[in-house]
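Some notes on the structure that comes next.
Only the coordinates and a few stated rules stand behind these numbers; no lab work does. In this text, all values refer to a predicted model and were calculated from it rather than measured experimentally. Cβ sites come from the backbone with ideal geometry, for glycine too, and all protein chains shown count toward neighbours.
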């Protein structure tokens, strides 16, 4: 199953990079989402996959054996939430940008001011 | 010594708070202060002899502040504070009509402090700091009239050249410092043989000499000095006589014991010095402006000093030290006189001047005596200097007639320059009547007066100088020295006849130029012919082309296309990852085949397909839908592999993202077709290269065994310390609670940004 997951990560990165390289800003934002998802998965996978044994303690509070690693999960959880912030902000920025310039083309963002 | 420097710093800072009468008399206050320093240093040295102070600076680097007062620094500090005091008195007269004098006086005071810092420094790194300070401060002084473009350009040129030279010098100091493992000048002198025998010697010497040559305006770096006369005249007077350009000569004296006495030293210094000496006076003779003539004669004098240091005999160094004093006296005088004439008549051009000897008799006498000293005629101190220089040149061990000939030639021209200078201002009949707008007051005349009288007294009683002052300095340069006697009259010897010849020839040249005006014309023509380029032009061109090259480079590297920046980042990262991957390629997959996971297999496959589809979808809504599918798929994967919290979060976030997209999409256009298929294929290839290596990285990550101590800690203490049974939650809100708080803040800032961006601007009330 690791191989399949690795393929998934690879294809998510491929899609993300491909989208980032597009001129359309909307596609660019979608690319960001793919890449952040791919990275989350990569971090999550790096501590090894454990099935059906979430990082809980026993009902009396003693630690259980062989649970999944809680540390990666905590990291990834933070990353997912931050990713939401990034996407929401870039979307708003994109919206404003389009309102002002009426274009979706990144190539027209070349200059900061009139030359 | 450090107390002197601290006092100067305090004084210059307190100038900011001067008000009323005190502000009016600011220059006089500083002059009194400088005179006080003069007396203090003289008292210190004459009572105690050599003094050394040192303070810890960076002990880890074996650096300490070292200040010493010996014969050499005594002469220089006397010149700096003595002429400094006179310059400030003079500035009271010259700067009266100008605005912004407070910063001007602050810079000038600091400048004298930086110069004193150089001459007191016993440590070369410390010396370098003061050295660069003088460059920066002289920049600020030259740009006093910063409304004038010429002043700005000249100041930039001076700063650029002296700073470049300073950097070269720092390199040289470090090179040679690495041989001795110390930057203390004393240590260098102790290990002079080790330095001269090391293979770094030549490189270090050349680098240090570049620094000295730029500062002391030696050929081929001489051209910044004439530009620097854009500064107010008190500054020129100070800069040319006692400070700045003399710093190079000071360092030559200081480093002579450790670096001097080799063929490299002799050839480099005497060549550069001889050329500088000649071209300085050669160009001086045809200048049409007072200050310009003086600037070029300074170049000549600096060349003489360097040449004498290069000749490197006992006699020549003695001559150089004497000449330093002579030149400081007459050059400060002449610049002050130039300023007085400029202020009184409103012009600096020889063409508009003439016949001033009746209107300004005192100024005429001062000028006459100072130019006598410059030309090297008795009874002035300059005469002694010239005799001694000739003596030194005749007695060169390697008997190079070339040096003597070029020396005599440039002295003949110098005599002519001196004669013409006085003649054109005071004697010749002016073309139009010269109007005297204002008579100089006492402040304007004290400085030149005192200097001329001193020059005369020392000329008549040379033993006053020769007795102690010069001998002491010489003892710092040479270990074994014989005390010198300075005499005005040497008798009829070779030197005397050479002098006589020089003077007569000089007068003839001057007479010819006065009688036949055509000579000047043809001479100028001739110069235009033979001079293939002017150094200032080359400098300007070099700077311009430097700017234009870097602009071209910027156009290539900073093209402004967002996606190409990303493209190069991804390509480079892929290359690095792939090569690392190739290095560590021998590893074994350890995969358990999971038979009971049919449905997660389907989820994964669907997610893979979704990500592939996303690339090729042209419909916006479809793309968003695919995005959602892949997001939810990932949430299911988290769920399957025991990450309940992640799954919940991912589902929530994914939902919000999809909703956001759908809302925004209504306001946005369809995907435009912006790329052709070639670009798409290229991008896809890059994406595949990057994606593949990341996939392989993921596989490799499963092989890594992490240290499990953190895992153990969190599982054990989750309930004991955090009172929670869900370890992930406890980490987030308890163990790493502050991090989560930071995350909340990030989200709050993002939300703030979104609300600002989406709010409609309020209409202005009319």
Ignore the peptide's own chain and count Cβ atoms of other chains within 10 Å of each Cβ in B:659-671; give me the average, rounded.
-> 4
Radius of gyration and Dmax for chain B's Cα atoms, expressed in Å?
-> 38.0, 120
Among B:264, B:654, which comes first, then next, by fewest other beta-carbon atoms within 10 Å?
-> B:264, B:654
At the level of C-alpha centres, the distance separating the stretch B:288-336 and the stretch B:44-75, in angstrom, is 28 Å
Treating the angle as unsigned and between 0 and 90°, give the value, to the nearest 10°, between the Cα long axis of helix B:245-259 and the longest Cα principal axis of chain B.
-> 80 degrees
Where does chain B land at 222 nm, in deg cm²/dmol rounded to the nearest 500, when only DSSP H runs of n ≥ 4 count, each adding -39500 (n - 2.57), divided by all residues?
-> -24000 deg cm²/dmol
Tensor-based shape of the stretch B:595-704 (alpha-carbon gyration tensor, a/c under 1.5 rounded, otherwise prolate or oblate) | oblate
How big is the convex hull of the Cα atoms of the stretch B:708-760, per residue, in Å³?
-> 82 Å³
How would you rank B:150, B:736, A:22, going from fewest to most other Cβ atoms within 10 Å of each one's own Cβ?
-> B:150, B:736, A:22
Shape box of chain A [Cα atoms, principal axes, largest first, Å] | 68, 31, 19
For the stretch B:535-570 and the stretch B:674-714, compute the distance between their C-alpha centroids and round to whole Å.
-> 34 Å
Going by alpha carbons, how many degrees (0 to 90, nearest 10) lie between the helix axis of B:314-345 and the longest principal axis of chain B?
-> 90 degrees
Count, for each residue of B:31-44, the Cβ atoms from other chains sitting within 10 Å of its Cβ, then give me the mean as a whole number.
-> 0
Would you please give the FRET efficiency between residue B:680 and residue A:51, computed as 1/(1 + (r/R0)^6) with r the Cβ-Cβ distance and R0 = 60 Å, to the nearest 0.05?
-> 0.95
Ranked highest first by average number of other Cβ atoms within 10 Å, how do B:243-253, B:34-44 line up?
-> B:243-253, B:34-44
Taking the highest mean first, how do the peptides B:407-413, B:748-754, B:23-29 order by number of other beta carbon atoms within 10 angstrom per residue?
-> B:407-413, B:23-29, B:748-754
Where the centroid of each part is defined by its Cα atoms, how far is the stretch B:389-437 from the stretch A:28-96 in Å?
-> 85 Å
Footprinting proxy, B:1, B:336: sorted fewest to most Cβ within 10 Å, the residues are B:1, B:336
All alpha-carbon distances of the protein assembly as shown, grouped into 20 Å bins from 0, give the whole-percent distribution 13, 31, 18, 22, 14, 2
In peptide A:91-100, how many Cβ atoms from other protein chains are near each Cβ within 10 Å, on average?
-> 5
Among rounded, prolate and oblate, which fits the stretch B:619-766 when a ≥ b ≥ c are the square roots of the eigenvalues of its C-alpha gyration tensor, a/c under 1.5 means rounded, and a/b larger than b/c means prolate?
-> oblate
Helix B:677-701 versus the longest principal axis of chain B: what angle, 0 to 90°, nearest 10, using Cα atoms?
-> 80 degrees
